[in-house]
Amino acid sequence: MAVVSLWTPLAYERIFERWFSLLNLFYLSPIPILTAAAAWACWHGLHARWEATPFLAAVAIFLFGYLGLAISNAPYLVPPSITVWEAAAAPSSQLFMLAGVVLLLPVILGYTVFVYWTFRGKVRAGEGYH
């Protein structure tokens, strides 16, 4: 991640200006600092044999990586000539999808709650097929 993070601004002037202009430098500098801190916490947690720390630190590293990627490319998508607004679907398509989500998401969540409620306490630790 460090190699890509250092190479990308050198390869693309637009990304270099985004990260290293004086005003943005103050706002965006916490992201690489927090990523380095998470990498240190992951390494230190592995050697200290703490179980949760390396996992949470690795999750933080990937979240900060995706955040940095989003900041570097916003508002452009994969082809740098297409913005998010140009790639968005028509409003009628978005309304159709919204109607489907509004109807189906409560059904899915309700069914999940029902299944967890129905099978609560039926399986004990170590009794599974694993």
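When segment 81-126 is filtered for residues that are in a loop (DSSP other than H, G, I, E, B) and on the phi < 0 side of the Ramachandran plot, the ones remaining, listed by number, are Ser81, Ile82, Ala88, Ala89, Ala90, Phe119, Arg120, Lys122, Val123, Arg124, Ala125.
For Ala37, the requirement of being assigned to a helix (DSSP H, G or I) and either surrounded by 15 or more Cβ atoms within 10 Å (Cβ to Cβ) or touching a helix residue (DSSP H, G or I) at 6+ places or on another chain (Cβ under 8 Å) (or both) is met.
Is it true that Ala52 is surrounded by 13 or more Cβ atoms within 10 Å (Cβ to Cβ), among the small types (Gly, Ala, Ser), more than 12 Å from Gly68 (Cα to Cα) and under 22 Å from the mean Cα position of the chain (by Cα)? The answer is no for Ala52.
Is segment 88-109 home to any residue that is among the polar types (S, T, N, Q), surrounded by 10 or more Cβ atoms within 10 Å (Cβ to Cβ) and at pLDDT below 90? No, there is no match, as no residue in segment 88-109 is among the polar types (S, T, N, Q), surrounded by 10 or more Cβ atoms within 10 Å (Cβ to Cβ) and at pLDDT below 90. In this entry, Glu51 passes the filter for residues that are of a type in the set (Asp, Glu) and in the same structural domain as Pro32 (by TED's automatic domain parsing).
The values are calculated or read from the model by the stated rules, or taken from the named source; none is laboratory data. Being a predicted model, the structure only gives us computed values, none of them experimental. Positions of Cβ are generated from backbone atoms using ideal geometry, with glycine treated the same way; all protein chains shown enter the neighbour counts.
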